[in-house]
Amino acid sequence: MVSKKEGGKPTLHSTDPIYEGLQYQLGDFQLRVGKVVLMHSENLRGIVMEVEYLPISSVEKSRQHMEEFLDIWQEAVSKRSLPGHFIHIEPNFSDFGLSDHYTSQHTAVQYATVLGQLIATVHSAQAVRN
């Protein structure tokens, strides 16, 4: 949550999330990985991973390649004893009036959907602790 201080400058709160990440190119895949931590905390709140299959811009045509990539990723992650769980979130782009041709608008919808899910998860975890 960001609020305005006198003078119009925003003030960050200790419960505000901070997002940072990196981008990688793995063959035909573009991989963006980001982490989410709360302000003034080292506790990891979530990891966001976006995978783009570069040779195909059709969402439907790339679906099989993406599912295979995610299956391999899920298998690799499940072999390690990592806390948390893997959630595959794929918005229905047609609900937003978007065509099958992938654009930056598709990315924006995905980010908004994932961050909404992440914020809801953080809030529910905080409610359980309180």
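Coordinate-derived values only; no laboratory data. This one's a predicted model, so the numbers in the text were calculated from it and none came from an experiment. Here the Cβ is made from the backbone with ideal geometry for all residues, glycine too, and neighbour counts use every protein chain on show.
Observations, loosely collected:
- With both labels modelled 7 Å from their Cα along Cα-to-Cβ, the Phe96 to Val37 distance reads 2.9 nm.
- Residues whose amide H lies under 5 Å from that of Asp16, counting only those 5 or more places away or on a different chain, are Met39; hydrogens are built 1.01 Å from N in the peptide plane.
- FRET efficiency, 1/(1 + (r/R0)^6) with R0 35 Å, evaluated for Thr113 and Ser58 via beta carbons: 0.95
- Distance between the pseudo-spin-label points of Gln74 and Ile87 (7 Å out from Cα toward the beta carbon): 1.6 nm.
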